[in-house]
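One structure below.
The values are calculated or read from the model by the stated rules, or taken from the named source; none is laboratory data. All of these numbers come straight from a predicted model, not from anything done at the bench. Quick reminder, even Gly has a Cβ in these numbers, built from the backbone with ideal geometry, and neighbours come from all protein chains shown.
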Amino acid sequence: MSITVVGSINVDFVVKVHAMVLPGETITAQESFNFPGGKGANQALACARLGGETSFVGKLGSDANADMALSLLSGSACKLDVTRLKNTNCGLAIILLDDQGENSIIVSPGANHVWNETDLEIVGILEHTKILVLQLEIPTDVVKRFITIAKSMNIKVVLNPSPINAEIVEFLPLIDLLLMNKTEAEYFTGETPQGTPEYAKCIRALGAAESVVTLGADGALIFQRDKISHIEAQSANVVDTTAAGDTYAGALVARTYRGDSLPSAARYASYAAGIAVSRMGAQPSIPLASEVDSIMSMG
């Protein structure tokens with residue numbers, strides 16, 4: 001039984017700037033880079049690198065970016081079920097990265113939005129799956145079908161509802177683990193994330209069995225049935241935050257797959273994300289398990 005990640009695969013075009021461009025403004029970039037990315041592919045690579053037996057399912061175009069998009073996943077321990085679509089462009093993300101390591105991202109979905117699997121094919125994809133991981137960079141109706149079928153097969157479902165899409169709200173009660181950043185949590189609850197019993201009621205009202213809300217430098221809040229935990233963030237020299245959330249998600253899933261408690265897995269994930277933000281690029285920034293173990297052993 002393995003982790004199955006279903007989601008997007010992109011090529012990231014990263015442009016470093018001193019500050020974010022304003023409407024109507026033209027600025028000169030410091031430098032630019034190309035990296036493999038996509039939330040689904042990033043999370044799958046993180047799961048595989050950080051100890052989970054992982055499969056990735058996604059759609060890839062047939063343009064010149066295809067080999068770049070697969071360059072790190074294909075060399076990892078992650079099993080790939082990637083369909084290459086003729087006459088279709090790969091997913092593309094244009095990322096502006098400022099001097100503080102913060103980013104703004106524009107995504108062109110390309111092949112990521114071309115899905116026509118039957119329910120029977122989805123059942124086949126999910127065979128031998130212990131944990132299903134989903135995001136919202138593929139069509140929401142596809143995500144809903146995977147959730148529904150996975151639950152009928154007694155598979156644990158982890159959802160990272162990013163980018164935000166209101167259409168997923170009705171499916172949140174089917175989610176076993178809901179993983180949100182503070183912006184997503186505020187959108188779905190209408191409240192600023194905080195570790196109070198009152199806020200916990202707002203989170204639990206969404207319906208997911210357990211939830212994790214990441215707060216950047218302020219760590220993360222873990223909401224379980226009768227417990228709220230706060231996990232501190234690890235200090236880091238922030239270079240690029242692009243894949244920090246995906247690294248966190250992959251690490252969290254990989255460790256729960258291996259049997260860690262949710263708070264313990266979240267602590268591990270905070271170390272993994274701390275390493276990721278200190279490096280450039282999405283997938284190139286994702287650490288190996290040995291790197292995380294080494295940092296954790298030092299305290």
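If you take the residues of segment 142-169 that are among the hydroxyl-bearing types (Ser, Thr, Tyr) and more than 16 Å from the chain's Cα centre (by Cα), which of them is farthest from ASN42 (Cα to Cα)?
Only one residue tops the list, namely SER152.
Specify which of the listed residues (LEU172, LEU120, LEU132) is among the aliphatic types (A, V, I, L, M), at pLDDT 95 or above and under 16 Å from the mean Cα position of the chain (by Cα).
Being among the aliphatic types (A, V, I, L, M), at pLDDT 95 or above and under 16 Å from the mean Cα position of the chain (by Cα) holds for just one of LEU172, LEU120, LEU132, which is LEU132.
If ALA19 satisfies all but one of (1) touching a residue at least 60 places away in the same chain (Cβ under 8 Å); (2) under 23 Å from LEU134 (Cα atoms); (3) assigned to a loop (DSSP other than H, G, I, E, B), what's the number of the condition it fails?
Only one criterion is unmet by ALA19, namely (2).
Mind checking which residues of segment 200-232 are touching a helix residue (DSSP H, G or I) at 6+ places or on another chain (Cβ under 6 Å), closer than 14 Å to LEU159 by Cα and small (Gly, Ala, Ser)?
If the condition is that a residue be touching a helix residue (DSSP H, G or I) at 6+ places or on another chain (Cβ under 6 Å), closer than 14 Å to LEU159 by Cα and small (Gly, Ala, Ser), then GLY207, ALA208, SER211 are the ones that fit.
Could you look through segment 250-263, keep only residues that are touching a Ser or Thr at 6+ places or on another chain (Cβ under 9 Å) and small (Gly, Ala, Ser), and pick out the one that is surrounded by the fewest Cβ atoms within 10 Å (Cβ to Cβ)?
The residue in question is ALA254.
Among the residues in segment 191-213, are any out of contact with any His (no Cβ under 9 Å at 6 or more places or on another chain), outside any helix (DSSP H, G or I), within 26 Å of ILE106 (Cα to Cα) and touching a residue at least 60 places away in the same chain (Cβ under 8 Å)?
no
Would you mind telling me which numbered condition in (1) surrounded by fewer than 18 Cβ atoms within 10 Å (Cβ to Cβ); (2) in contact (Cβ under 8 Å) with a residue 40 or more places away in the chain ILE164 fails?
Unmet for ILE164, out of (1) surrounded by fewer than 18 Cβ atoms within 10 Å (Cβ to Cβ); (2) in contact (Cβ under 8 Å) with a residue 40 or more places away in the chain: (2).
With the requirement that a residue be assigned to a loop (DSSP other than H, G, I, E, B) and of a type outside the set (Gly, Ala, Ser), what does segment 38-94 give you?
LEU50, GLU53, ASP63, ASN65, LEU72, CYS78, LEU85, LYS86, ASN87, THR88, ASN89, CYS90
Please go through segment 206-248 and give me each residue that is on the phi > 0 side of the Ramachandran plot and either out of contact with any Asp or Glu (no Cβ under 8 Å at 6 or more places or on another chain) or acidic (Asp, Glu) (or both), ordered by number.
The answer is GLY207, GLY216.
So which of ILE94, ILE105 ends up being surrounded by fewer than 19 Cβ atoms within 10 Å (Cβ to Cβ) and within 16 Å of the chain's Cα centre (by Cα)?
ILE105
Which pairs have Cβ atoms under 6 Å, sit 6 or more apart or on different chains, and link a residue in segment 242-257 that is at pLDDT 95 or above to one that is charged (D, E, K, R)?
ASP246/LYS39
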